[in-house]
């Protein structure tokens, strides 16, 4: 086990070309599980390859246990990597695939057999040891690839989208298996994915990436509840956060967001007192589970009457879509509370849960401080193109 730190890491593929990685700053503690998440092409796999030594960095430093490994060859870094394609040797059976790296390190036959048996038991693949990769399912191949990495007992494990080739049901099962495995082994792990559900469920820490920049770094709870900018807020969460463009107004010293459903209007008071925010274009963000049915007895929270336009049952929840200020807004309800299409609902908001973003820059307004954030104006362009 080990600590991992990236200090101002940059990666460029040539003069005149934009940097693929830009000033990456990260640190995870011994035994932590770090998720690198972001859309395709954001640089997360490149960053993983730089940690493994498969690609050289253009600037900065990569440290393991405070020792700079930036110039070391991959074999000297004591890091094991599981690739998206699994990269199993097709002519070798499962036992030999797991043992291959141990034989390269010239371990004794007895020690190799003991280690293969340990890993096979851990991953529950003891009955597969004599089979070849072509005789295995996708989930079984994934376990073998993990077993080959586990057998080395490295300081750090790297996983590059290891579940992306599996079907939806098997992905959920293997996600649980990976979490249980990490809880048992407590080995420092870096995991790349574009799936934000994997990021939220697996990681101790999450780094959200876009265009080679870490937009935010923190715990899953911080990323979800306190997003640094519009991109992070839109990328993390299922269903995605609702966004309502509008202009703030001030009345009797209070900032208000005025909501209009076509059936009724609602004044949503905001706790912010910042001067200059009134008459300013903002984007109001609120998650689906934070828009609830109003109770029969008024409780003082703002409510609005709106028509249910689309109903999407998901099993444990029902997603109900209404229109507010010309924007489609999703509400998450219990199945027994779900309305019919066309039915009017009394919806309630908790102003303390409402987030505000600058409509021009995408920056969070009144955001809490977080370990690492980088707001970018092109986050707004992406939102407007949705």
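The values are calculated or read from the model by the stated rules, or taken from the named source; none is laboratory data. Note that the structure is a prediction, hence the values are computed from the model and not measured. Cβ atoms come from the backbone with ideal geometry, glycine included; neighbour counts cover every protein chain shown.
Computed quantities for the displayed model
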item: Condition broken by residue 124, with the remaining ones in (1) in contact with a strand residue (DSSP E or B) (Cβ under 9 Å, 6 or more places away or on another chain); (2) under 22 Å from residue 175 (Cβ atoms) satisfied; result: (1)
item: Residues within region 127-160 that are assigned to a loop (DSSP other than H, G, I, E, B) and surrounded by fewer than 20 Cβ atoms within 10 Å (Cβ to Cβ), tallied; result: 10
item: Filter result for residue 79 (buried (at least 20 other Cβ atoms within 10 Å of the Cβ) and at pLDDT 95 or above); result: no
item: Per-region count, region 176-201, residues farther than 27 Å from residue 8 by Cβ, within 12 Å of the chain's Cα centre (by Cα) and assigned to a helix (DSSP H, G or I); result: 4
item: Scope region 45-61; condition over 18 Å from residue 194 (Cα atoms) and in contact (Cβ under 8 Å) with a residue 60 or more places away in the chain; matching residues; result: 51, 52
item: Only listed residue being within 30 Å of residue 32 (Cβ to Cβ), outside the structural domain of residue 24 (by TED's automatic domain parsing) and without any contact (Cβ under 8 Å) to a residue 60 or more places away in the chain, chosen from 297, 289; result: 289
item: Residues being crowded, with 19+ Cβ neighbours inside 10 Å, closer than 23 Å to residue 74 by Cβ and touching a helix residue (DSSP H, G or I) at 6+ places or on another chain (Cβ under 9 Å) - total across region 182-196; result: 7
item: Test: residue in region 155-166 that is more than 26 Å from residue 5 (Cα to Cα), out of contact with any helix residue (DSSP H, G or I) (no Cβ under 6 Å at 6 or more places or on another chain) and in the same structural domain as residue 98 (by TED's automatic domain parsing); result: yes
